[in-house]
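The structure under discussion appears below in the form of structure tokens.
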Amino acid sequence: MAERIAYRGKYSADLTGLGTDEYVKMLKSRQRRSIRRNAIKYRKLVAKAAEAKKSNSQKPIKTHVREAVILPQWIGMKFSVHNGKEFKELVIQANMLGHRLGEFAFSTKRVQHSAPGIRATRGSKFLAVK
């Protein structure tokens, strides 16, 4: 049996049919404020997503707008989000609703340290350089 993911009591099938105004009422205040204030900024991204959904395109939508709040119309779509160096591809799922695109495309990597360099520690002071 497939697991059904709900967002605020509604399943993904119900959410995709919601309009943006009804969905905004379900969000927390910070996300709601962001969507309302930046509607002009996100207009291009929403239009691109609507066009891709209409044409059933499997090509990911490239974007630099990391602060865009994920909308229910985007469930199942592919996005390539810029992390400052490259585009990270992600597929929108129902449990990502209400989050921002940038939360899933990390801009920093985990630091992996190797052995210390020559003369980096007191013990390596007496090692030969060659």
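Here, each number is a calculation from the coordinates, and none is a lab measurement. These figures come from a predicted structure and were not determined experimentally. Because the Cβ atoms are built from the backbone with ideal geometry, glycine has one as well, and the counts that use them run over all protein chains shown.
Remarks
- Antiparallel beta bridges, as assigned by DSSP with both residues in the chain, represent about 75 percent of the total such bridges.
- Extension reserve of the ARG43-GLU67 stretch, reckoned as 0.36 nm per residue once the Cα distance is removed: 7.3 nm
- Taking every lysine pair in the stretch 6-107 that is 8 or more places apart or spans two chains, those with Cα atoms closer than 12 Å amount to 9.
- With at most 14 neighbouring Cβ atoms within 10 Å, loop GluC sites (Glu not before Pro) (DSSP) excluded, longest segment of the chain: 4-66
- Percentage, to the nearest whole number, of Cα pairs in the chain over 22 Å apart: 48 percent
- The trypsin sites (Lys or Arg not before Pro) of the stretch 14-90 that DSSP puts in a loop, and whose beta carbon has at most 13 other beta carbons within 10 Å, are LYS28, LYS85.
- Going from the fewest other Cβ atoms within 10 Å to the most, the residues ILE118, ILE92, ILE5 appear in the order ILE118, ILE5, ILE92.
- For the stretch 1-42, backbone nitrogen atoms closer than 19 Å to the point 7 Å from ASN95 Cα along Cα-to-C-beta are found at 1-16.
- Cβ-based exposure ranking for THR108, THR121, in which fewest neighbours within 10 Å come first: THR108, THR121
- Taking every alpha-carbon pair under 8 Å whose residues sit at least 6 apart, the stretch 6-107 reaches a relative contact order of 27 percent.
- For the chain, a crude dipole built from +1 on the beta carbon of Lys and Arg and -1 on the beta carbon of Asp and Glu, taken about the Cα centre, is about 700 debye to the nearest 20.
- Counted by neighbouring Cβ atoms within 10 Å, the residues ASP14, ASP21 run from fewest to most as ASP21, ASP14.
- In the chain, a dipole from Cβ-located charges (positive for Lys and Arg, negative for Asp and Glu) runs towards its positive end, and of LEU97, SER57, GLN112 it is GLN112 whose Cα lies farthest in that direction.
- P(r) histogram, all alpha-carbon pairs of the stretch 1-68 included - 10 Å bins from 0, percent: 16, 40, 38, 5, 0
- In the chain, helices alone account for a calculated mean residue ellipticity at 222 nm of -8000 deg cm²/dmol, with every DSSP H run of four or more residues adding -39,500 (n - 2.57).
- In this rough spin-label picture, where each label sits 7 Å from Cα along the Cβ direction, the ARG36-ALA13 distance is 3.3 nm.
- If you plug the beta carbon distance of GLU86 and ALA120 into 1/(1 + (r/R0)^6) with R0 = 35 Å, you get a FRET efficiency near 0.65.
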